[in-house]
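Notes for the one structure printed next.
The values are calculated or read from the model by the stated rules, or taken from the named source; none is laboratory data. Just so it is clear, the structure is predicted and the values come from calculations on it, not from any experiment. Counting neighbours? That spans all protein chains shown, and the Cβs are built from the backbone with ideal geometry, glycine included.
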Amino acid sequence: MSSSRQDSLSAVMIAGPDDRYLRDSLASLRPIADEIIFINTGARPAAVETARELGCLISDFPWGDDFSQAKNFGISKATGRWILSVDSDEVLQVDQGPPLLARALCAPATPAYLLFQDNLYDAGVSKPNLVLRLFQNDPRLRFVNPVHECISPTLCEGWPGFFPPVLPVRLKHFGYLPENVSGKHARNIRILKKWVTTAPDCIFANFKLGNTLMEVGQKDEALHYLEKTYRLFARSSTRFSAPFLPAFAIVFHQALLEAGLNEQAERFDRTACGWIKVLFDRFPQLAPAGYSAK
């Protein structure tokens, strides 16, 4: 049951063996969260002790290669009116966080917000990404997908036609740094292959598998799944509402070039530009700064 205060906030985190950033992550949540729900999916004893020291509410959940199951279990333990989902390798940037969040949480008619996830890469590169991580504690809003989990499908189902506003609150994400990424890729490929087997026509699953295989250098296999993603997109109108379409366009173009398929890459670019224009015209919030439709 949710707290009676309409702006009460529960931060929910699942934590496994990788706890390099855990203390900083939990500490960044304390100024803004009424409670921190810590779901232990295989964390080291020292990490669990850190969570206890920082006042978290701790529950165990057996890891079953499904991030959505674990996160939804965490949500079931939350009492706040709002949920903030944060991973153990993310740190909330609190310079503007508290006042911005306070205003956002006083808008009960808004079911969810997009936040910025700043993905850190080697050589100081940072790439921002919009993520649905702040949402009402409503049983209609739950995570789906075993990996690269999100609430988007349940949000679209429960609030047709709603597009979440962007809240300028940032999560600094360390998971893509070279020292952190190798084990993550192997785990994700394992889960993604199981997902694609059970849901062969899932566009998002095929894209994420192709993209991850590209990142680990398995380019022939990656091209297979990216070409399949393209075919699925081509026969589905969901391409005009898929936020990951621009990312797919970049990855598939590069995969075609690296395979020596230059003419096919050029033809795809012309098609993708038309698709992306429709997407940005429909959802201008997704367009990069400075974008103007022509």
*Evaluate segment 57-65: report whether one residue or more is surrounded by 23 or more Cβ atoms within 10 Å (Cβ to Cβ), at pLDDT 95 or above and outside the structural domain of residue 183 (by TED's automatic domain parsing).*
no
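Working carefully through the options 5, 52, 23, find the one that is on the phi < 0 side of the Ramachandran plot, more than 19 Å from the chain's Cα centre (by Cα), basic (Lys, Arg) and not in a helix (DSSP H, G or I). It would help to see each step written out before you state the result.
Values: 52 fails: not in a helix (DSSP H, G or I); 23 fails: not in a helix (DSSP H, G or I).
On inspection, the qualifying residue turns out to be 5.
Select from segment 169-197 the residues that are of a type in the set (Ser, Thr, Tyr) and part of a helix (DSSP H, G or I) and list them in ascending order. Steps first, answer last, please.
Keep residues of segment 169-197 that are of a type in the set (Ser, Thr, Tyr), which gives 176, 182, 197.
Correct list: 182, 197.
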*Out of (1) modelled with pLDDT under 95; (2) over 23 Å from residue 119 (Cα atoms), the odd one out for residue 20 is which?*
(2)
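So, of the residues in segment 128-168 that are part of a loop (DSSP other than H, G, I, E, B) and basic (Lys, Arg), which turns out to be surrounded by the most Cβ atoms within 10 Å (Cβ to Cβ)?
Restricting attention to segment 128-168, the residues satisfying the condition of being part of a loop (DSSP other than H, G, I, E, B) are 137-143, 145-149, 151, 159-165.
So of that shortlist, the ones also basic (Lys, Arg) come out as 140, 142.
Details: 140: 12, 142: 19.
The selected residue is 142.
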*Got at least one residue in segment 246-260 being surrounded by fewer than 16 Cβ atoms within 10 Å (Cβ to Cβ), in contact with a Phe, Trp or Tyr (Cβ under 9 Å, 6 or more places away or on another chain), at pLDDT below 95 and not assigned by TED's automatic domain parsing to the domain that holds residue 147?*
yes
*Selection from segment 141-179 of residues that are over 26 Å from residue 279 (Cα atoms) and among the basic types (Lys, Arg)*: 172
*Considering every residue within segment 48-64, establish whether at least one is closer than 23 Å to residue 195 by Cα, free of Cβ contacts under 8 Å to residues at least 12 places away in the same chain and not aromatic (Phe, Trp, Tyr).*
yes
